[in-house]
Every structure is written in C-alpha cells, then in structure tokens.
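The values are calculated or read from the model by the stated rules, or taken from the named source; none is laboratory data. Note that the structure is predicted; figures quoted are calculated from it, not measured. Cβ atoms come from the backbone with ideal geometry, glycine included; neighbour counts cover every protein chain shown.
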Amino acid sequence: MTTLLSISEAKNLIGKQVRWSSPGYHMNGNYSGVAVITSVVESRNPIRCEVVSGDELFFAFVEFPGDDILCYSDGGRYITYEIL
C-alpha cells in the first residue's frame, strides 16, 4: 500500500528504507527510488537521506510555506511511498 509522503510522515520514517515514486512530466517520465530517510529538517527541502537506488529523494520540496505534503520536480506532483 502506498501513502502520500508528508513532513510529519517522514519524521516517523527516520531510519527506515522506503520505496517512493512521483509522477513526472510526460516527456520526462516518472521519478522513483529507494532511500533510507536519515533526518527531517525545517527547510524547503526537508528530507535528508541515503539514496539506495533511483532518483534523489532529498530533492523533495514543500510547494508553499507551511505545507506538509511533499512534491517532486514540480508543484502538485506528490510523492507516494511504501516501507520496505
């Protein structure tokens, strides 16, 4: 089962390996990868992680200040994940 990745969810995933994905522009294809979340910080790009494979989850960002849901590549391209 996949779940939307948010800052509050990411804080509960520290030390865990996750498989994640996000839709991309149709000319670029989708984004995905496997990463271990190492910390969550207060910033526009709050995820710190070790990339196991695929794209870099640390590029995840909040679209607007105060948002909790994380996007990848462009606003509105929400990230889903599952714990491995």
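Among the candidates L5, L13, the residue that is out of contact with any Ser or Thr (no Cβ under 7 Å at 6 or more places or on another chain) and crowded, with 16+ Cβ neighbours inside 10 Å is uniquely L13.
Do you know which residues across region 52-74 are farther than 20 Å from N12 by Cβ and surrounded by 12 or more Cβ atoms within 10 Å (Cβ to Cβ)? Write out each step before concluding.
So in region 52-74, the residues farther than 20 Å from N12 by Cβ come out as 53-56, 59, 63-65, 73-74.
The answer is G54, D55, E56, F59, E63, S73, D74.
Any idea which residue in region 33-44 is surrounded by the fewest Cβ atoms within 10 Å (Cβ to Cβ), counting only those that are farther than 16 Å from S8 by Cβ and at pLDDT 95 or above? Out of the qualifying residues, it is T38.
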